[in-house]
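Participant: Sending over a structure as structure tokens; questions will come in a sec.
The values are calculated or read from the model by the stated rules, or taken from the named source; none is laboratory data. Note that the structure is predicted; figures quoted are calculated from it, not measured. Using ideal geometry, Cβ is built from the backbone for each residue, glycine included, and neighbour counts are taken over all protein chains shown. Heads up: the accessible areas ignore ligands, DNA and RNA and are worked out on the full protein's heavy atoms, side chains in. Shrake-Rupley method; radii C 1.70, N 1.55, O 1.52, S 1.80 Å.
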Amino acid sequence: MLPFRFHLLDGLPVSDQLVKAVQRAVLTGEMASGERFPSVRVIAQELKISPTTAHKAVLELRDAGFLATRPGAGMVVVKPAGSSREQLLSQLAPACRDLIRQASLLGLSQAETLEALRRTYSEQP
């Protein structure tokens, strides 16, 4: 089982979705710094995706500072220096774009959309 949540969405590149899922898990503390990261082969098998796609995502995560290579341990999770509230908020961007798209299709204004969001948020336990 992978140490992060991943739900495949149509229309978005799988490697981008994988990168965002891991970034979210690291930024929210779901995955801790120093935690061993699964191999490309394990990710590909678990998610039923191409190893090339998994490898692309891992390289992007490494280049972005979310993963590092440790001798004898392979890839480990790293919380990038300067992780900020802005990075956490950026994780919501895809869901916000989808909400805006849906609201537009329904003919709702920004104020009406925000009201719907406030109502839904207040209903959460």
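For (1) more than 21 Å from the chain's Cα centre (by Cα); (2) assigned to a strand (DSSP E or B); (3) surrounded by fewer than 12 Cβ atoms within 10 Å (Cβ to Cβ); (4) modelled with pLDDT of 90 or more, each residue gets a yes or a no:
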{"position": "Met75", "(1), (2), (3), (4)": "no, yes, no, yes"}
{"position": "Lys79", "(1), (2), (3), (4)": "no, no, no, no"}
{"position": "Glu86", "(1), (2), (3), (4)": "no, no, yes, no"}
{"position": "Leu89", "(1), (2), (3), (4)": "no, no, yes, no"}
{"position": "Leu99", "(1), (2), (3), (4)": "no, no, no, no"}
{"position": "Leu105", "(1), (2), (3), (4)": "yes, no, yes, yes"}
{"position": "Leu108", "(1), (2), (3), (4)": "yes, no, no, yes"}
{"position": "Glu115", "(1), (2), (3), (4)": "yes, no, no, yes"}
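Participant: Also: Among the residues of segment 59-71, is there at least one that is open to solvent by 30 Å² or more (accessible area, probe 1.4 Å), over 14 Å from the mean Cα position of the chain (by Cα) and among the hydrophobic types (A, V, I, L, M, F, W, C)?
Facilitator: So far as segment 59-71 goes, yes, one or more of its residues are open to solvent by 30 Å² or more (accessible area, probe 1.4 Å), over 14 Å from the mean Cα position of the chain (by Cα) and among the hydrophobic types (A, V, I, L, M, F, W, C).
Participant: Still on this structure, I have one more. When you look at Pro94, is it surrounded by 13 or more Cβ atoms within 10 Å (Cβ to Cβ) and in contact (Cβ under 8 Å) with a residue 60 or more places away in the chain, yes or no?
Facilitator: Against the criterion (surrounded by 13 or more Cβ atoms within 10 Å (Cβ to Cβ) and in contact (Cβ under 8 Å) with a residue 60 or more places away in the chain), Pro94 qualifies.
Participant: Could you count how many residues in segment 17-46 are surrounded by 15 or more Cβ atoms within 10 Å (Cβ to Cβ) and either outside any loop (DSSP other than H, G, I, E, B) or at positive phi (or both)?
Facilitator: 14
Participant: Consider Ile49 carefully, then state whether it is touching a helix residue (DSSP H, G or I) at 6+ places or on another chain (Cβ under 6 Å), of a type in the set (A, V, I, L, M) and either open to solvent by 80 Å² or more (accessible area, probe 1.4 Å) or outside any helix (DSSP H, G or I) (or both).
Facilitator: It is true that Ile49 is touching a helix residue (DSSP H, G or I) at 6+ places or on another chain (Cβ under 6 Å), of a type in the set (A, V, I, L, M) and either open to solvent by 80 Å² or more (accessible area, probe 1.4 Å) or outside any helix (DSSP H, G or I) (or both).
Participant: Kindly list, by first and then second residue, each pair from a residue in segment 36-58 that is under 17 Å from Asp16 (Cβ atoms) to a residue that is open to solvent by 60 Å² or more (accessible area, probe 1.4 Å), limited to pairs with Cβ atoms under 6 Å and residues at least 6 apart or on different chains.
Facilitator: Within 6 Å, the pairs are Val40/Pro51; Val40/His55; Ala44/Pro51.
Participant: Now a separate question. Counting only residues that are among the basic types (Lys, Arg) and at pLDDT below 95, which one in segment 37-73 is farthest from Leu12 (Cα to Cα)?
Facilitator: Arg70
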